[in-house]
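Participant: The structure is given below, and queries will be raised subsequently.
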Amino acid sequence: MKISFAKGLSILTIISLLILVGCQNSGSSEGKSNETKPSSSVAEDSSETQEQTSESHTHESEHDHDHEHDHSHAHDEETEKIYEGYFEDSQVKDRSLSDWEGDWQSVYPYLQDGTLDEVFSYKAEHEGDKTAEEYKEYYNKGYKTDVERILIQQDTVTFFKNGEENSGEYIYDGYEILTYDAGNRGVRYIFKLAEKVEGLPQYIQFSDHSIYPNESDHYHLYWGDDRKALLDEVKNWPTYYPSEMNGHDIAHEMMAH
């Protein structure tokens with residue numbers, strides 16, 4: 001009986017030990033599972049953050065693009081209004097002769113040889129207040145000049161006329177705002193001859209549809225010895241484009257405006 005009891009006790013002891021080990025293993029497995037859940041949650045939060053950041057950047061990028069587009073569009077509208085002669089006095093700024101620095105040619109020869117005829121036809125078709133022939137007659141009076149070329153280097157202006165050239169130094173003499181019969185306005189930038197030179201005008205006045213410092217791509221020039229009288233000249237406005245341009249390039253540039 002003692003032996004049987006001892007054996008029974010041993011068996012019970014072994015079974016108890018096995019049950020205890022099994023419970024410990026089961027608790028360890030549940031612990032690992034709980035540790036992985038927070039890790040998964042962090043990964044998901046990170047992914048959401050990246051998506052939100054990406055969306056935020058995309059939205060900001062779209063906003064910046066729209067802002068730049070709106071700003072550019074507003075700037076273009078303002079520039080166009082100024083070109084057409086509508087601006088405030090406060091917008092007008094002084095300019096230096098360097099804005100017109102370069103080698104310039106008169107467009108009058110291109111009117112005479114017919115190169116600009118396509119410009120007058122274009123104007124007749126799209127503006128409609130004159131025929132092509134009437135436009136040509138109007139611009140013939142405006143462009144007419146015997147100064148075929150002008151060279152501007154720093155403060156020195158050289159006039160090329162009938163195979164002769166005369167150079168002199170010109171200094172800034174302010175600007176004048178003019179109001180035209182049509183209601184729009186223009187600005188004349190005036191320069192005065194520093195020292196009298198034979199064959200050169202005392203005053204030159206630039207008009208290029210701009211009212212603040214800006215490199216000019218073409219201009220109308222008025223010259224003479226009477227500053228005030230020049231301001232009244234509105235029928236003859238010799239026009240100059242860069243000398244490297246040919247007549248067809250100039251014609252297309254004119255039609256673009």
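Participant: Among the residues of the range 187-196, write down those that are over 17 Å from LYS161 (Cβ atoms) and either in contact with a helix residue (DSSP H, G or I) (Cβ under 6 Å, 6 or more places away or on another chain) or outside any loop (DSSP other than H, G, I, E, B) (or both).
Facilitator: VAL187, ARG188, TYR189, ILE190, PHE191, LYS192
Participant: Pull up the range 231-257, narrow it to residues that are open to solvent by less than 70 Å² (accessible area, probe 1.4 Å) and without any contact (Cβ under 8 Å) to a residue 40 or more places away in the chain, then point me to the one that is farthest from TRP100 (Cα to Cα).
Facilitator: Checked the range 231-257; the qualifying residue farthest from TRP100 (Cα to Cα) is GLU233.
Participant: Scan the range 71-128 residue by residue and report those that are of a type in the set (Asp, Glu), surrounded by fewer than 12 Cβ atoms within 10 Å (Cβ to Cβ) and not in a helix (DSSP H, G or I).
Facilitator: Within the range 71-128, GLU88, ASP94, ASP113, GLU127 qualify.
Participant: If you don't mind, another one. If the requirement is being aliphatic (A, V, I, L, M) and part of a helix (DSSP H, G or I), which of these qualifies: ILE211, ILE204, ILE250?
Facilitator: The match here is ILE250.
Residues checked against (1) at pLDDT below 95; (2) under 27 Å from the mean Cα position of the chain (by Cα); (3) among the basic types (Lys, Arg):
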residue: HIS75; (1), (2), (3): yes, yes, no
residue: GLY85; (1), (2), (3): no, yes, no
residue: SER90; (1), (2), (3): no, yes, no
residue: LEU97; (1), (2), (3): no, yes, no
residue: TRP100; (1), (2), (3): no, yes, no
residue: PRO109; (1), (2), (3): no, no, no
residue: GLY114; (1), (2), (3): no, no, no
residue: ASP117; (1), (2), (3): no, no, no
residue: TYR122; (1), (2), (3): no, yes, no
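Participant: Among (1) touching a residue at least 24 places away in the same chain (Cβ under 8 Å); (2) open to solvent by less than 50 Å² (accessible area, probe 1.4 Å); (3) not in a strand (DSSP E or B), which single condition is GLY199 missing?
Facilitator: (2)
Participant: Follow-up. Does ASP181 count as within 30 Å of VAL119 (Cα to Cα) and assigned to a loop (DSSP other than H, G, I, E, B)?
Facilitator: Yes: the conditions hold for ASP181.
Participant: Which is closer than 21 Å to GLU127 by Cα and among the acidic types (Asp, Glu), of GLU253, GLU215, GLU244, GLU233?
Facilitator: Going through GLU253, GLU215, GLU244, GLU233 in turn, the sole match is GLU253.
Participant: List pairs: first in the range 157-183 and more than 24 Å from SER106 (Cα to Cα) and small (Gly, Ala, Ser), second open to solvent by less than 60 Å² (accessible area, probe 1.4 Å) and modelled with pLDDT of 95 or more, Cβ under 7 Å, 6+ apart or cross-chain?
Facilitator: GLY174/ILE190
The values are calculated or read from the model by the stated rules, or taken from the named source; none is laboratory data. Given the structure is predicted, the values throughout are model-derived calculations rather than measurements. In this analysis, Cβ positions are derived from the backbone assuming ideal geometry, glycine residues included, and neighbour counts consider all displayed protein chains. Remember, those area values only see protein heavy atoms, side chains included, never the ligands or the DNA or RNA. Shrake-Rupley method; radii C 1.70, N 1.55, O 1.52, S 1.80 Å.
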